[in-house]
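Working notes, structure below.
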Amino acid sequence: MQYGPEPELIESPLGRTIEQNGIRLTISIVRLATQPGWSLEVVNENNTSIVWDDPFPTDRAADAAFRKALAEEGPEAFLDDR
């Protein structure tokens, strides 16, 4: 059941797919056209999604948060628990 039109999403050009240490990650940085905050999501090879709880003021701030997590914890931090 649909309750109205789908909200318009704006995708940041900073979204991308990377591979590091043999681990592939897809980074998605988006916001609703009607909202100012940017959402950051990282999806691993098993389609497990990791989403930051709080929105970022800019897409660059979201990208910086991803880069910081990657530098501090490595790509393994985005893998599923085994």
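Every read-out reported here was derived from the displayed coordinates using simple, explicitly stated rules and does not represent laboratory data. Source: prediction; values computed, not measured. Using ideal geometry, Cβ is built from the backbone for each residue, glycine included, and neighbour counts are taken over all protein chains shown.
Every residue, every condition in (1) surrounded by 13 or more Cβ atoms within 10 Å (Cβ to Cβ); (2) among the β-branched types (V, I, T), yes or no:
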position	(1), (2)
L40	yes, no
E45	yes, no
S49	no, no
D54	no, no
T58	yes, yes
A65	yes, no
K68	no, no
E76	no, no
L79	yes, no
Please go through the range 20-68 and give me each residue that is free of Cβ contacts under 8 Å to residues at least 24 places away in the same chain, among the hydroxyl-bearing types (S, T, Y) and out of contact with any strand residue (DSSP E or B) (no Cβ under 6 Å at 6 or more places or on another chain), ordered by number.
T58
Quick one: how many residues across the range 8-37 are part of a loop (DSSP other than H, G, I, E, B), exposed (fewer than 11 other Cβ atoms within 10 Å of the Cβ) and under 14 Å from the mean Cα position of the chain (by Cα)?
1
Could we say that R67 is of a type outside the set (A, V, I, L, M, F, W, C) and either part of a loop (DSSP other than H, G, I, E, B) or touching a Gly at 6+ places or on another chain (Cβ under 8 Å) (or both) here?
no
For the range 38-62: of the residues being among the aliphatic types (A, V, I, L, M) and assigned to a strand (DSSP E or B), which is farthest from S12 (Cα to Cα)?
I50
Scanning the range 30-57 residue by residue, the ones that are hydroxyl-bearing (S, T, Y) and more than 15 Å from R16 (Cα to Cα) total 2
